[in-house]
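Participant: I'd like to ask you about the structure that follows.
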Amino acid sequence: MEEKSLLNLEFEKVLNIVAGYAGSYAAKESIQQIRPSSDKAVVEKMLSEMDELMLLHEEGRSIEVGGIRELRDLFSLSNPSSDVLSGEEFIRVRIDIEVSIEIKSKFPEYDSRRGVDRFGRLRKLIDEIPDLSSIAERILYSINEQGEVRDDASPALASIRRDLIKSRSEIERKLGDFLGTSNEAFQDRFFTLRNDRYVVPVKASFQNTFQGIVHDQSGSGQTVFIEPLEFLALNNKLVRLRSAEKEEIIRILRSLTEMVKNRISELRMMFETLVFFDCMNAKARFAREFHACKPEISKTGYLELFKARHPMIHPDCVPLDIKMNRENACIIITGPNGGGKTVAMKIVGINALLMQSGFWILATENSMLPIFDEVLADIGESQSIENHLSTFTSHLKRIKEILDAATSYSIVLVDEIGVGTDPNEGSALAEGVLKTLFNRGCLTIVTSHFDSLKSLAFTTTGFVNAGMEFDYQNYKPTFRFLLGVSGKSNALSVARTFGLPEEVISVMTSCLHGKEGPGKDLIDILERERMHAERLRQNWEERIKELEYKEKQIAESLKKIEVFRKSKRDELTEEFEAEMKSRIKELEGVIHDLKSRLSSSEGNVQENLLTARSALKNAQTSLDIIDRHNTLKVQEKSSKNYIEEGRIPAVGDEVLWKTISKSGILEEIDSKNSRGVIECNGLRFTAPLDELQIVESSKKMKSRVSVAITPTVTVSDRLDLRGMRVEESLQQVEDYLKLASAQKLGKVFIVHGKGTGTLQRVIQDYLKTTKFRKLWRPGRYGEGDLGVTVVVFDPAADNDYASDALEKLSNQRIKKGAKN
């Protein structure tokens, strides 16, 4: 792409915005060096990588590479014997390796059940990151967080440092004893270091009588620092140990350096991959922040942008819709100065550059752009005193450059074409340039104030007018782009808006009066009406798009609800069948027991009779449950409306709301709107009457008699929701709290985990709408903290917490005391 056009379209400024979202300096530089590609395969690859990363972000599994350190200065190392890396440099290497290990471990595994790998391109990059964990481990065991070599980096270094500590302790102990003697030669009773040797402060007057080596003196000259002769051997030993320590440290660092240099190409590859993902994350953050969408690559060479915007004036940019094809190949934008003509042109150009650089574009879904071989722009003042170029001659020079470079795969953007010379000659020049570009098959957008170009667009196939809307009531531009409508310059209104003197306005008005003729007034009237009609059409199209989008959302939501209902019904059916099998098995046991008692005449007759009656009662309860289940299944499969068996639901009937498979009592009926109010487990729902079916009372089904025993269901005091979807977890909580309340549990724990906090918020918001709204509280320390929500049915059961906490604290103190 031509650099001058990138400069005219402020592409570098947009890249600077994106670079602000990068975490590392290397990624910021890499983003600032991005240039658009005209290779279709390259553009498709970049957009596919962006799609995969955005999908990862949507699923909450982003690849975070924050905190990577700069390594490019290490890649120039050549001679292993001459260059030794420092501890700080080794820390940078280790941190980046740890980041690469982290992203490899957290990247989602390939799910073969889906068939197609949704993250194939990114997975390939992740898999190609070399395994450098052995280097990271070696550095970790050798260099501490301050960049110093650890004592245990080698056995030799550990031995040397032990000897150093021992020797220091010995010389310091002896120096302390030495200074403790009553020698008047000492200036102070302390020792210090000079030139890495231990010395004592001696009065200058005793310098000649005190035996030792002078290493330094104080600023006043009153004190000299002397190494006593009796400590010469001990100091020499320390010097030798320090020298040995330094040599061993250099040997360790050189060994680590050689290890890194041997794998420098792999380290470079790893670093470049980390920088790539840092850049991709910056692109993704930019897309989310600026509400960008995935663009489609046009196969026909046509351009369509919906709600397109410019990032430099986000979020205040007035969006525009624009379509360009062979019938609309050349768009001539007219309108007042300061009305947004140039911005409209830049919006098209910058979004084309963004797509061809692998970014999502600032437009809504279904927007599409072709891949241009050149985006050629002439925008802004380009006169040059040094090159003896006036406004017009510099403009001509740039037009020549554009004509030389433009092909049928180019888009050309020219601001104020033909400006800077006689209007008649300038408009003729503009017409010639535009027709030349059209004949080449270019897409072209220009801005102008020439009336002749407006006429050209009216009369020439492939040319179309576009205007920037002007509010004639308030005499201000609205910055709305209207395709198919020419705009008016409105210089008089703009001059008045900028506060020019009234005498200037008066002269300007008198000069314009009558010069344009009645035909011009008629055209203005027609243009205003057309502009009004175009605005109404755009508003109508926007409404239709909104309705289509909402219909699509509703259809997707209904589909999800249906899938959830089906899976929930299947699950409940399996549970029901398992429970019935269990009851039948227990029933067979009771029958067998009664038969054995009867045959052996064991037990009391009255006792056997009571047992049989109890079994009969439980069997009747089971029969009611089975009949109710079968009734609901038949009703779910039925396509009848709410008139069933000739009877309309009445207030007080038990009804089933088919849409959400919930039953309750019909409390109110709104005949006018054909809706009813249902009470279900303390909640009230409003539902259409044609979605309600009467649930036949189980009392009518007691004609059949069989025997069953209802088993006791034990409910745990803890419900674990971690890993569940929101809809599934809410259903689990609802069913669980019913059972827990019925069994009179004191308190129960709903475990939702901490995570992002979404599941916790949904559960607690749901509890606020139920009869348990005053019974719940967040989890406390020892209960699971914020990862748990507690529902307290019996306040007495919740008083044990304080005593339990005190008991735990007491036990901890007892154990701590025992250890001491």
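Participant: Checking the condition under 45 Å from the mean Cα position of the chain (by Cα) and in contact (Cβ under 8 Å) with a residue 40 or more places away in the chain, which residue from Lys124, Lys174, Lys106 passes?
Facilitator: Answer to the selection: Lys106.
Participant: Hey, another quick one. Does at least one position in region 84-94 carry a residue that is part of a loop (DSSP other than H, G, I, E, B) and farther than 24 Å from Glu245 by Cβ?
Facilitator: Among the residues of region 84-94, not one is part of a loop (DSSP other than H, G, I, E, B) and farther than 24 Å from Glu245 by Cβ, which makes the answer no.
Participant: Next up: Of the numbered conditions (1) open to solvent by less than 20 Å² (accessible area, probe 1.4 Å); (2) over 28 Å from Val318 (Cβ atoms), Leu429 fails exactly one; give the number of that condition.
Facilitator: Among (1) open to solvent by less than 20 Å² (accessible area, probe 1.4 Å); (2) over 28 Å from Val318 (Cβ atoms), the lone unmet condition for Leu429 is (1).
Participant: Being under 16 Å from Ala329 (Cα atoms) and either open to solvent by 10 Å² or more (accessible area, probe 1.4 Å) or of a type in the set (S, T, N, Q) (or both) is true for just one of Thr444, Thr393, Thr478, Thr421. Which residue is that?
Facilitator: Every option except Thr444 fails the conditions.
Participant: Another question about this same structure. Could we say that Thr710 is modelled with pLDDT under 80 and not in a helix (DSSP H, G or I) here?
Facilitator: In short, yes.
Participant: Okay, moving on. For region 50-70, indicate whether the set of residues that are part of a loop (DSSP other than H, G, I, E, B), touching a Cys at 6+ places or on another chain (Cβ under 8 Å), open to solvent by less than 50 Å² (accessible area, probe 1.4 Å) and closer than 25 Å to Gly120 by Cβ is non-empty.
Facilitator: Taking every residue of region 50-70 in turn, none turns out to be part of a loop (DSSP other than H, G, I, E, B), touching a Cys at 6+ places or on another chain (Cβ under 8 Å), open to solvent by less than 50 Å² (accessible area, probe 1.4 Å) and closer than 25 Å to Gly120 by Cβ.
Participant: Can Gly646 be described as modelled with pLDDT under 80, among the small types (Gly, Ala, Ser) and exposed (fewer than 13 other Cβ atoms within 10 Å of the Cβ)?
Facilitator: yes
Participant: Does Ser81 meet the test of being modelled with pLDDT of 85 or more and among the polar types (S, T, N, Q)?
Facilitator: no
Participant: Being open to solvent by 30 Å² or more (accessible area, probe 1.4 Å), among the aromatic types (Phe, Trp, Tyr) and either outside any helix (DSSP H, G or I) or touching a residue at least 40 places away in the same chain (Cβ under 8 Å) (or both) is the requirement here; does Phe438 meet it?
Facilitator: Yes: the conditions hold for Phe438.
Participant: Working only within region 118-140, note down all residues that are part of a helix (DSSP H, G or I), of a type outside the set (Lys, Arg) and open to solvent by 90 Å² or more (accessible area, probe 1.4 Å).
Facilitator: Asp127, Glu137 - these are the residues of region 118-140 that are part of a helix (DSSP H, G or I), of a type outside the set (Lys, Arg) and open to solvent by 90 Å² or more (accessible area, probe 1.4 Å).
Participant: Let me ask something else. Can you find, within region 713-766, the residue that is surrounded by the most Cβ atoms within 10 Å (Cβ to Cβ) among those that are at pLDDT 85 or above and β-branched (Val, Ile, Thr)?
Facilitator: In this case the residue turns out to be Ile750.
Every residue, every condition in (1) at pLDDT 55 or above; (2) open to solvent by 80 Å² or more (accessible area, probe 1.4 Å); (3) assigned to a helix (DSSP H, G or I); (4) on the phi > 0 side of the Ramachandran plot, yes or no:
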| residue | (1), (2), (3), (4) |
| --- | --- |
| Thr631 | no, no, yes, no |
| Glu636 | no, no, yes, no |
| Ala650 | yes, no, no, no |
| Lys672 | yes, yes, no, no |
| Arg684 | yes, yes, no, no |
| Gln693 | yes, no, no, no |
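Participant: Right, something else. Spot the failing condition for Asp73; the list is (1) in a helix (DSSP H, G or I); (2) open to solvent by less than 40 Å² (accessible area, probe 1.4 Å); (3) at pLDDT below 90, and only one is missed.
Facilitator: All conditions are met except number (2).
Participant: Here is a follow-up. Read through the list (1) open to solvent by less than 10 Å² (accessible area, probe 1.4 Å); (2) out of contact with any Phe, Trp or Tyr (no Cβ under 9 Å at 6 or more places or on another chain), then give the number of the only condition that Ile31 fails.
Facilitator: All conditions pass for Ile31, except number (2).
Participant: On to the next question. Report every pair of residues separated by at least 6 positions or lying on different chains whose Cβ atoms are under 7 Å apart, first residue within region 141-156 and more than 14 Å from Arg94 (Cα to Cα) and open to solvent by 30 Å² or more (accessible area, probe 1.4 Å), second of a type in the set (S, T, N, Q) and part of a loop (DSSP other than H, G, I, E, B).
Facilitator: Arg150/Asn144
Participant: Same structure again: Suppose the filter is on the phi > 0 side of the Ramachandran plot and surrounded by fewer than 19 Cβ atoms within 10 Å (Cβ to Cβ); does Gly338 pass it?
Facilitator: For Gly338, the condition - on the phi > 0 side of the Ramachandran plot and surrounded by fewer than 19 Cβ atoms within 10 Å (Cβ to Cβ) - is met.
Participant: Step by step: first the residues of region 157-166, then only those that are open to solvent by less than 50 Å² (accessible area, probe 1.4 Å) and touching a residue at least 40 places away in the same chain (Cβ under 8 Å), then the one that is nearest to Val202 (Cα to Cα). Which residue is that?
Facilitator: Residue satisfying both the conditions and the ranking: Leu164.
The values are calculated or read from the model by the stated rules, or taken from the named source; none is laboratory data. The shown structure was predicted, so the numbers you read here are calculated from the model rather than taken from an experiment. Using ideal geometry, Cβ is built from the backbone for each residue, glycine included, and neighbour counts are taken over all protein chains shown. What goes into the accessible areas is simple: the full protein's heavy atoms, side chains included, and nothing from ligands, DNA or RNA. Shrake-Rupley method; radii C 1.70, N 1.55, O 1.52, S 1.80 Å.
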